């Protein structure tokens, strides 16, 4: 067997993966993943290594910024609910202005820029400003964060559909959604930025027919070393969410039970996993 030649340089890696050149005057909107720096994509890492200016969010792991060029300018542009932060309009204007100066500008956002990340707003501002841009998808916390908690977003024994919901509207209030339709439409619900309104959401779902004892989980600081998982029920979700202060992903559905057999991080720490968490003789084994 002939083994490939190891890649020892940024240039060799770029050539091997056919990564695009980060041109001057461009803005790249990239997702940094939910927290673990290892979840950055190859294209995201490429952008970090070549950017002249990096505008980064509050949830971006600082370890990633250490990979920037020595002379790269690092600009904090984080936005956190309930915390005084940069105005979105100011961030968009800054992106346009820096690109117009011929800078290679990286807008580094937690998770995926197009999943409740306001990346679309920033990209539209660049279009209006006549600035060329590239979108670099990232691992969203709604998938990667749950995977680190041992909770799959889909499993054929529990659900054939999943719904992603923001619990925090542009005005800071609970979005005006058809909660009855949501309750009936998907077995698994994944909520972003929903801690504040978790109790109200749970009440609306139960009023629409969801069972109070339905399993739910709150994954705080997902994929970071300090990740914490609270297992609860729909009836007690609001109380459990109020006890958590860190950024969190909330999942509601039978998928949560699978954590008993899939908590791989817990297993690394010595936890004994249950092989049949759904209480069946065995899970589906059809190919």
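If you go through segment 91-101 one residue at a time, do you hit one that is under 18 Å from the mean Cα position of the chain (by Cα) and crowded, with 19+ Cβ neighbours inside 10 Å? Scanning segment 91-101, I find no residue that is under 18 Å from the mean Cα position of the chain (by Cα) and crowded, with 19+ Cβ neighbours inside 10 Å, so the answer is no.
Taking the conditions exactly as written (in contact (Cβ under 8 Å) with a residue 60 or more places away in the chain and at negative phi), does residue 93 satisfy them or not? No. Counting residues in segment 78-86 that are modelled with pLDDT of 95 or more, surrounded by 14 or more Cβ atoms within 10 Å (Cβ to Cβ) and in the same structural domain as residue 113 (by TED's automatic domain parsing) gives zero.
Looking across segment 183-197, the residues that are within 21 Å of the chain's Cα centre (by Cα) and more than 16 Å from residue 222 (Cβ to Cβ) come down to 186, 187, 188, 189, 196, 197. Restricting attention to segment 28-47, the residues that are in contact with a strand residue (DSSP E or B) (Cβ under 8 Å, 6 or more places away or on another chain) and either without any contact (Cβ under 8 Å) to a residue 40 or more places away in the chain or surrounded by 24 or more Cβ atoms within 10 Å (Cβ to Cβ) (or both) total 9.
Summed over segment 130-158, the residues that are in a loop (DSSP other than H, G, I, E, B) and within 15 Å of the chain's Cα centre (by Cα) give a count of 8. For segment 163-172, give me each residue that is surrounded by fewer than 19 Cβ atoms within 10 Å (Cβ to Cβ) and either in contact (Cβ under 8 Å) with a residue 12 or more places away in the chain or closer than 17 Å to residue 249 by Cβ (or both). Residues satisfying the conditions are 163, 164, 166, 172.
Might you check whether a residue that is surrounded by fewer than 22 Cβ atoms within 10 Å (Cβ to Cβ), more than 18 Å from the chain's Cα centre (by Cα), in contact (Cβ under 8 Å) with a residue 40 or more places away in the chain and within 21 Å of residue 141 (Cβ to Cβ) occurs anywhere in segment 224-234? Scanning segment 224-234 turns up no residue that is surrounded by fewer than 22 Cβ atoms within 10 Å (Cβ to Cβ), more than 18 Å from the chain's Cα centre (by Cα), in contact (Cβ under 8 Å) with a residue 40 or more places away in the chain and within 21 Å of residue 141 (Cβ to Cβ). Here residue 58 meets the list (1) in contact with a helix residue (DSSP H, G or I) (Cβ under 9 Å, 6 or more places away or on another chain); (2) surrounded by fewer than 20 Cβ atoms within 10 Å (Cβ to Cβ); (3) closer than 30 Å to residue 190 by Cβ almost entirely, failing just condition (1). Listed conditions (1) within 24 Å of residue 115 (Cβ to Cβ); (2) in contact with a strand residue (DSSP E or B) (Cβ under 8 Å, 6 or more places away or on another chain); (3) outside any helix (DSSP H, G or I) are all met by residue 196, apart from (2).
The values are calculated or read from the model by the stated rules, or taken from the named source; none is laboratory data. Every value quoted in this text rests on a predicted model; they were computed, and no experiment measured them. Don't worry about glycine lacking a Cβ; one is built from the backbone with ideal geometry, like all the others, and counts go over all protein chains shown.
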